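The values are calculated or read from the model by the stated rules, or taken from the named source; none is laboratory data. Everything quoted here is computed from the prediction, not taken from an experiment. Glycine gets a Cβ as well: all are built from the backbone with ideal geometry, and neighbour counts include every protein chain shown. For accessibility, only protein heavy atoms count, side chains too; no ligands or nucleic acids. Shrake-Rupley method; radii C 1.70, N 1.55, O 1.52, S 1.80 Å.
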Amino acid sequence: LTLCKNDAQMHKLAALVQFTWVGAPSIYYGEEIGMQGGADPDNRRGMTWRDANPANPMLTYYKKLVALRNGSRALQSGDAQILATN
């Protein structure tokens, strides 16, 4: 979220790419609840557990991405195919 300049929609787009691209998605703790971070030593604060709840829209989105990936064999294995470029 920090790299996306606090733009939640951009953060969601980045997560979508990560969950639909080849290989296992890697989530650094707190990404799934929209935590901020920064340059060292503020690269990640302590986990804000109060935000890890069903009302958190980012957590809901990440759960949907996990379900999407788990429900599709095409997203779980294989190689990328570039179909077109310009």
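Just give me the residues in the range 4-16 being modelled with pLDDT under 95 and either in contact with a helix residue (DSSP H, G or I) (Cβ under 7 Å, 6 or more places away or on another chain) or assigned to a helix (DSSP H, G or I) (or both), in sequence order.
Cys4
Do the conditions hold for Arg50, that is, is it open to solvent by 80 Å² or more (accessible area, probe 1.4 Å) and out of contact with any Asp or Glu (no Cβ under 7 Å at 6 or more places or on another chain)?
For Arg50, the condition - open to solvent by 80 Å² or more (accessible area, probe 1.4 Å) and out of contact with any Asp or Glu (no Cβ under 7 Å at 6 or more places or on another chain) - is met.
Six or more apart or on different chains, Cβ atoms under 6 Å: show the pairs whose first residue is in the range 1-18 and surrounded by 14 or more Cβ atoms within 10 Å (Cβ to Cβ) and whose second is part of a loop (DSSP other than H, G, I, E, B) and hydrophobic (A, V, I, L, M, F, W, C).
Between residues of the range 1-18 that are surrounded by 14 or more Cβ atoms within 10 Å (Cβ to Cβ) and residues that are part of a loop (DSSP other than H, G, I, E, B) and hydrophobic (A, V, I, L, M, F, W, C), the close pairs are His11/Leu1; His11/Cys4.
I'd like to check something: does the range 54-68 contain any residue that is assigned to a loop (DSSP other than H, G, I, E, B), in contact with a Leu (Cβ under 6 Å, 6 or more places away or on another chain), surrounded by 13 or more Cβ atoms within 10 Å (Cβ to Cβ) and not charged (D, E, K, R)?
Checked the range 54-68: no residue is assigned to a loop (DSSP other than H, G, I, E, B), in contact with a Leu (Cβ under 6 Å, 6 or more places away or on another chain), surrounded by 13 or more Cβ atoms within 10 Å (Cβ to Cβ) and not charged (D, E, K, R).
Quick one: which of Ile27, Ile82, Ile33 is surrounded by 15 or more Cβ atoms within 10 Å (Cβ to Cβ) and free of Cβ contacts under 8 Å to residues at least 40 places away in the same chain?
Ile33
Would the range 28-48 turn up any residue that is more than 21 Å from Thr2 (Cβ to Cβ), polar (S, T, N, Q) and in a loop (DSSP other than H, G, I, E, B)?
No, because not a single residue in the range 28-48 is more than 21 Å from Thr2 (Cβ to Cβ), polar (S, T, N, Q) and in a loop (DSSP other than H, G, I, E, B).
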